[in-house]
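Colleague: I'd like to ask you about the structure that follows.
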Amino acid sequence: MRFPNARGWNVLRVSAAWLALLILAAPPAARAAREEWFRGLDLEQPLRNATLVMVARVDDVDEIKISSGGKGETTLLQFKFTPLRVLKGVFSRDSLTLNSADLGIWNFPEGKRVARGQLRLLILGRTSEGYAVTQQSSSLDQTIPPLADPDDALLATVKTLLDVNAGTDRAKSVSLILDGLRGRNGAAAIPLLTALQRRSLLAAQTPGAIDAISPLLADASPAVRAQAANSIRALLDADYLDQPALHEKAVAALADALGRHDANYAARLAEFEALGGAGQQAVQNERARAQLEEAAPATFAEQAARVHAVGELRSASQQRGILELLRQMPLDGAPAVQQAAEWTLFRFNPASGSFEILARIHSKFDAGLGIANEIAVLGETPPAEAAPALLEISKLTLDENERNAFAEACFRIADSCAASDTDCHRAAGVLVPALSAMLDRGDSQTWREVAEALIKIDTDEAAKSLQPHLREERDLQEKLKMAECLGRHGIRDGYPYAIEHMAEPEVLEQAISALAAMRDPRAVPELRKILETSNDLEWNTAAVRALGRLDAKEFATQFLQMARDPKNPLAPSALMALGDMRDPRGLDLVRAALASRNEEMLEAGARAAGNLAVLPNAKADDIRDQLASLLTEPGAPQQARAAALDSLLALDDSHLDSALAQAARDAGLEGSELLYKIETSLRDRKIRLTHV
């Protein structure tokens, strides 16, 4: 498809052609592809949690009817399995009997598909009664996967994933997965591709990653082809180093795949989406560029994917064609294509894109059509152009879906401006009147998102808009976030909520942050009273922490004495308070805490270190070393390691880059918030990883 030029595109002008696309029947191959039981199969976590994994043959199936109360009847299926091969755990009997409840087969007709003679992979955990499937999947076959024979290739994948789960080094896990992918196909490939995507950041810097994935773009299974394309996109997105060789290999493989004109739309769409993430290498590759400009696609979904890819790649030669495509498209045309074209126009030229989308919004509104999709597009576009457009849209009478889209778009813009320059903040600030009006409506569907957007905008005007609604927020954590925002702008209405609830562990940090933002003169006397009269550890802990954040230096000597006593339950809080007060006398205590086996003291030392090691004349190189060691220590508590990371980031320490690269390899962090923070820091700092 070459996008329409100024003369227009005949296919788009003919209404009958659009209708034909809408009713186009999927060919048998496409229908069969949707029935592949292994689409999205993910075995890594179930295998990690399992206590028994084995290959078993179904030898008998019986129905059991259970009566209850003389009126109700429940039917269960009972299966007798004969173990053929144990892959994890120990099983010493000749057979294993499980019922449909044990296997999680609550859909009785589906359970009947488990028949005598079948081979199944059983991934079982322990319950109070014995073995059962403890991690449900989306279907029967994904819960107890079928096997063609005792040497089914899926079993080799299971062995690879068990080795991955047993490992301690994520980089080595990537190598195991890549080795496992070579020569693997069909159902056996998808769990490995899924596991690789979890480690995309490491895989993107591992030699041979694209080479291992690209053959699967030609797999006989459409599900595998789509998953392979998704995995390539994940690696491209994770490549913060923008490695030309990686992108060139990915583009060549995707161009080959697209050139085969896959009959399965899901696989083809995934390939276009992956191509969109390849950057300039895709624009420079003639075969890839030709796929984006090929004849009219068979589906709206493919057309949307192509248009979106053109936008991601900023292929300037197509700008006029995209504009004509949008102008010629009926107002009630395919939403996916409209959204992709609108978003792409913004990518090319935010100013003209804003003009076009506003004109289309007004036309659709006047015609009585919904505009939620267009509003959503504005939330993904540059704030300087999107904010004025949203302000104009707010003058229209929006329905519930459109108000929800508007609130979400405003939040996205405010969030993108939270750590940006003054101009971005100013752009977001123009949304305050519109958001304030939405708060006044009391619309429960949009209320929270609107309030969050105003908190992100964080101006005096935003705070004044929030002030009347503080009492309306029912969630205490959210109420305290709102109180903190108000406090930053001199409004202390949230003081009672913060002071009354600060002893509740789940809101302690947020309550203290709110008190610190408000700087209410009532706080220090009230906290002093608590410390002097309360015998409750939680209240005293909160009082010490809050006094530290309020920089109440008259308590510093008292807190120093507390922190020096390792048996004092307030010692960790006192050390954190000394850190917040920037009291240099806490440095030696930080050194001791970072060497402590007490988890609370270890975390407190890591948190205080970031404030104290930066002090003039601190001479704290050893503390910086301790923080780096803590961050990379696999056996250390994650909360303490997260505190060490925060302190190293605050210090912008020279140890940080190597510590981050080492910590990213820790398999024990898989799926954790700490790993997410580590990988985000690696991206931000563009650290090149090393592999063994």
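The values are calculated or read from the model by the stated rules, or taken from the named source; none is laboratory data. Here the structure is a predicted model, which is why all the values come from computation and not from measurement. Methodologically, a virtual Cβ is constructed for each residue, glycine included, from the backbone with ideal geometry; neighbour enumeration extends over all protein chains shown. Just so you know, the surface numbers come from the protein's heavy atoms only, side chains and all, with ligands and any DNA or RNA stripped out. Shrake-Rupley method; radii C 1.70, N 1.55, O 1.52, S 1.80 Å.
Colleague: I need the full set of residues from the range 319-337 which are in a helix (DSSP H, G or I) and either in contact with a Leu (Cβ under 9 Å, 6 or more places away or on another chain) or among the hydrophobic types (A, V, I, L, M, F, W, C) (or both), in order please.
Modeller: If we filter the range 319-337 for residues that are in a helix (DSSP H, G or I), which is where we start, we get 319-328, 335-337.
Those that are in a helix (DSSP H, G or I) and either in contact with a Leu (Cβ under 9 Å, 6 or more places away or on another chain) or among the hydrophobic types (A, V, I, L, M, F, W, C) (or both): Gln319, Ile322, Leu323, Glu324, Leu325, Leu326, Gln328, Ala336, Val337.
Colleague: Which of (1) surrounded by fewer than 24 Cβ atoms within 10 Å (Cβ to Cβ); (2) within 23 Å of Arg199 (Cβ to Cβ); (3) in contact (Cβ under 8 Å) with a residue 24 or more places away in the chain is the odd one out, the single condition Ala245 does not satisfy?
Modeller: In the conditions (1) surrounded by fewer than 24 Cβ atoms within 10 Å (Cβ to Cβ); (2) within 23 Å of Arg199 (Cβ to Cβ); (3) in contact (Cβ under 8 Å) with a residue 24 or more places away in the chain, Ala245 misses (3) alone.
Colleague: With respect to Leu602, is the statement that it is touching a Ser or Thr at 6+ places or on another chain (Cβ under 8 Å), under 20 Å from Leu508 (Cα atoms) and outside any loop (DSSP other than H, G, I, E, B) true? Spell out how you get there, then give the answer.
Modeller: Numbers: touching a Ser or Thr at 6+ places or on another chain (Cβ under 8 Å): yes; under 20 Å from Leu508 (Cα atoms): yes; outside any loop (DSSP other than H, G, I, E, B): yes.
Spelling it out, Leu602 is indeed touching a Ser or Thr at 6+ places or on another chain (Cβ under 8 Å), under 20 Å from Leu508 (Cα atoms) and outside any loop (DSSP other than H, G, I, E, B).
Colleague: Can you pull out the residues in the range 338-374 that are part of a helix (DSSP H, G or I), open to solvent by 50 Å² or more (accessible area, probe 1.4 Å) and closer than 19 Å to Thr397 by Cα?
Modeller: Of everything in the range 338-374, those that are part of a helix (DSSP H, G or I), open to solvent by 50 Å² or more (accessible area, probe 1.4 Å) and closer than 19 Å to Thr397 by Cα turn out to be His362, Ser363, Phe365, Asp366, Asn373.
Colleague: I need the full set of residues from the range 52-83 which are open to solvent by less than 50 Å² (accessible area, probe 1.4 Å), under 43 Å from the mean Cα position of the chain (by Cα) and not β-branched (Val, Ile, Thr), in order please.
Modeller: Within the range 52-83, Leu52, Met54, Ala56, Leu76, Leu77, Phe79, Phe81, Pro83 meet the criteria.
Colleague: Going by the structure shown, is Asp646 open to solvent by 10 Å² or more (accessible area, probe 1.4 Å), at pLDDT 95 or above and touching a Gly at 6+ places or on another chain (Cβ under 7 Å)?
Modeller: Details: open to solvent by 10 Å² or more (accessible area, probe 1.4 Å): yes; at pLDDT 95 or above: yes; touching a Gly at 6+ places or on another chain (Cβ under 7 Å): yes.
Taking the combined requirement at face value, the residue satisfies it.
Colleague: Hey, among Gly610, Gly579, Gly605, which residue is surrounded by 24 or more Cβ atoms within 10 Å (Cβ to Cβ), of a type in the set (Gly, Ala, Ser), without any contact (Cβ under 8 Å) to a residue 60 or more places away in the chain and under 25 Å from Arg488 (Cα atoms)?
Modeller: Working: Gly610 fails: surrounded by 24 or more Cβ atoms within 10 Å (Cβ to Cβ); Gly605 fails: under 25 Å from Arg488 (Cα atoms).
That would be Gly579, the only listed residue that is surrounded by 24 or more Cβ atoms within 10 Å (Cβ to Cβ), of a type in the set (Gly, Ala, Ser), without any contact (Cβ under 8 Å) to a residue 60 or more places away in the chain and under 25 Å from Arg488 (Cα atoms).
Colleague: Looking for something part of a loop (DSSP other than H, G, I, E, B), under 24 Å from the mean Cα position of the chain (by Cα) and free of Cβ contacts under 8 Å to residues at least 40 places away in the same chain - is there at least one such residue anywhere in the range 135-142?
Modeller: Yes, there is a match, as at least one residue in the range 135-142 is part of a loop (DSSP other than H, G, I, E, B), under 24 Å from the mean Cα position of the chain (by Cα) and free of Cβ contacts under 8 Å to residues at least 40 places away in the same chain.
Colleague: Could I ask something else about it? So Thr397 ticks every box in (1) more than 17 Å from Leu454 (Cα to Cα); (2) in contact with a Ser or Thr (Cβ under 8 Å, 6 or more places away or on another chain); (3) of a type in the set (S, T, N, Q) but one. Which box is left unticked?
Modeller: (2)
Colleague: Let me ask something additional. Looking at the range 280-318 only, could you name the residues that are open to solvent by 30 Å² or more (accessible area, probe 1.4 Å), assigned to a loop (DSSP other than H, G, I, E, B) and without any contact (Cβ under 8 Å) to a residue 40 or more places away in the chain?
Modeller: Of everything in the range 280-318, those that are open to solvent by 30 Å² or more (accessible area, probe 1.4 Å), assigned to a loop (DSSP other than H, G, I, E, B) and without any contact (Cβ under 8 Å) to a residue 40 or more places away in the chain turn out to be Asn285, Arg314.
Colleague: Turning to a different aspect of this structure: Residue check: is Ser15 at pLDDT below 90, over 26 Å from Val224 (Cα atoms), touching a strand residue (DSSP E or B) at 6+ places or on another chain (Cβ under 9 Å) and not basic (Lys, Arg)?
Modeller: On the way: at pLDDT below 90: yes; over 26 Å from Val224 (Cα atoms): yes; touching a strand residue (DSSP E or B) at 6+ places or on another chain (Cβ under 9 Å): no; not basic (Lys, Arg): yes.
Criteria not met by Ser15.
Colleague: Which of the residues that make up the range 474-494 are within 22 Å of Arg441 (Cα to Cα), open to solvent by 10 Å² or more (accessible area, probe 1.4 Å) and either part of a helix (DSSP H, G or I) or among the acidic types (Asp, Glu) (or both)?
Modeller: Asp475, Leu476, Glu478, Lys479, Lys481, Asp493
Colleague: Might you check whether a residue that is crowded, with 17+ Cβ neighbours inside 10 Å and closer than 30 Å to Ser214 by Cα occurs anywhere in the range 321-337?
Modeller: Yes, the conditions are met somewhere in the range 321-337.
Colleague: Could you grab me the full set of residues in the range 591-636 that are more than 30 Å from the chain's Cα centre (by Cα) and of a type in the set (Lys, Arg)?
Modeller: Hits for the range 591-636 are Arg591, Arg597, Lys619, Arg624.
Colleague: Out of everything in the range 637-658 that is assigned to a helix (DSSP H, G or I) and either over 31 Å from the mean Cα position of the chain (by Cα) or among the small types (Gly, Ala, Ser) (or both), what residue ends up being nearest to Asn598 (Cα to Cα)?
Modeller: Here is the first cut: in the range 637-658, the residues assigned to a helix (DSSP H, G or I) are 638-651, 656-658.
If we keep only those that are either over 31 Å from the mean Cα position of the chain (by Cα) or among the small types (Gly, Ala, Ser) (or both) too, we end up with 640, 642-644, 647, 650, 658.
On the way: Ala640: 11, Ala642: 16, Ala643: 15, Ala644: 15, Ser647: 19, Ala650: 24, Ser658: 26 Å.
Selected residue: Ala640.
Colleague: What pairs can you find where one residue is in the range 61-85 and in contact (Cβ under 8 Å) with a residue 40 or more places away in the chain, the other is outside any strand (DSSP E or B), and their Cβ atoms are less than 7 Å apart, with a gap of 6+ or different chains?
Modeller: Listed by first residue and then by second, the contacts come to Val61/Val114; Val61/Ala115; Val61/Arg116; Phe81/Ser95; Leu84/Pro150; Arg85/Pro150.
Colleague: In addition: Any residue at all in the range 85-105 that is open to solvent by 50 Å² or more (accessible area, probe 1.4 Å), over 19 Å from Glu44 (Cβ atoms) and modelled with pLDDT under 90? Talk me through it step by step, then tell me what you get.
Modeller: From the range 85-105, those open to solvent by 50 Å² or more (accessible area, probe 1.4 Å) are 85-86, 88, 90, 92-94, 97; that's our starting set.
Cutting the leftovers down to over 19 Å from Glu44 (Cβ atoms) gives us 85-86, 90, 92-94, 97.
Cutting the leftovers down to modelled with pLDDT under 90 gives us none.
No: the range 85-105 contains no residue that is open to solvent by 50 Å² or more (accessible area, probe 1.4 Å), over 19 Å from Glu44 (Cβ atoms) and modelled with pLDDT under 90.
Colleague: Applying the selection to the range 77-119, what residues are within 25 Å of Ala156 (Cα to Cα), aromatic (Phe, Trp, Tyr) and either touching a Cys at 6+ places or on another chain (Cβ under 6 Å) or assigned to a strand (DSSP E or B) (or both)?
Modeller: The one that is within 25 Å of Ala156 (Cα to Cα), aromatic (Phe, Trp, Tyr) and either touching a Cys at 6+ places or on another chain (Cβ under 6 Å) or assigned to a strand (DSSP E or B) (or both): Phe81.
Colleague: Quick one: is Ala266 out of contact with any Leu (no Cβ under 8 Å at 6 or more places or on another chain), farther than 30 Å from Ala663 by Cα and buried (at least 24 other Cβ atoms within 10 Å of the Cβ)? Quick ask: steps written out before the conclusion?
Modeller: Numbers: out of contact with any Leu (no Cβ under 8 Å at 6 or more places or on another chain): yes; farther than 30 Å from Ala663 by Cα: yes; buried (at least 24 other Cβ atoms within 10 Å of the Cβ): no.
Here the answer is no, as Ala266 does not meet what is asked.
Colleague: Scan the range 355-386 residue by residue and report those that are farther than 23 Å from Ser444 by Cα and small (Gly, Ala, Ser).
Modeller: Passing the criteria: Ala359, Ser363, Ala367, Gly368, Ala384, Ala386.
Colleague: OK, next. Which one is most open to solvent (accessible area, probe 1.4 Å), of the residues in the range 134-148 that are within 15 Å of Ile105 (Cα to Cα) and at pLDDT 90 or above? Write out each step before concluding.
Modeller: We begin by selecting, within the range 134-148, every residue within 15 Å of Ile105 (Cα to Cα); these are 134-146.
Those left that are additionally at pLDDT 90 or above: 141-146.
On the way: Asp141: 21, Gln142: 16, Thr143: 14, Ile144: 1, Pro145: 0, Pro146: 36 Å².
Here the answer is Pro146.
Colleague: Oh, and also: Have a look at Asp657, Asp622 and point out the one that is touching a helix residue (DSSP H, G or I) at 6+ places or on another chain (Cβ under 9 Å), in contact (Cβ under 8 Å) with a residue 24 or more places away in the chain, surrounded by fewer than 18 Cβ atoms within 10 Å (Cβ to Cβ) and more than 28 Å from Ala171 (Cα to Cα).
Modeller: After ruling out the rest, the residue left standing is Asp622.
Colleague: Here is a check on your reading of the model: is Arg116 open to solvent by 60 Å² or more (accessible area, probe 1.4 Å), at pLDDT 95 or above and within 30 Å of Asn185 (Cβ to Cβ)? Write out each step before concluding.
Modeller: Details: open to solvent by 60 Å² or more (accessible area, probe 1.4 Å): yes; at pLDDT 95 or above: no; within 30 Å of Asn185 (Cβ to Cβ): yes.
No; evaluated as a whole, the condition is false for this residue.
Colleague: Does the range 519-540 hold any residues that are surrounded by 14 or more Cβ atoms within 10 Å (Cβ to Cβ) and under 13 Å from Ser573 (Cβ atoms), and which are they?
Modeller: Leu527, Ile530, Leu531, Trp539, Asn540
Colleague: Determine whether the range 369-376 contains at least one residue that is modelled with pLDDT of 90 or more and under 30 Å from His261 (Cβ atoms). Before you say what the answer is, go through the steps one by one.
Modeller: The first filter runs over the range 369-376 and keeps only residues modelled with pLDDT of 90 or more, leaving 369-376.
Now restrict to residues that are under 30 Å from His261 (Cβ atoms): 373.
Yes, that holds for at least one residue.
Colleague: When the range 166-185 is examined, which residues are found to be in contact with a helix residue (DSSP H, G or I) (Cβ under 6 Å, 6 or more places away or on another chain) and either among the aromatic types (Phe, Trp, Tyr) or part of a helix (DSSP H, G or I) (or both)?
Modeller: Arg170, Ala171, Ser173, Val174, Leu176, Ile177, Leu178, Gly180, Leu181
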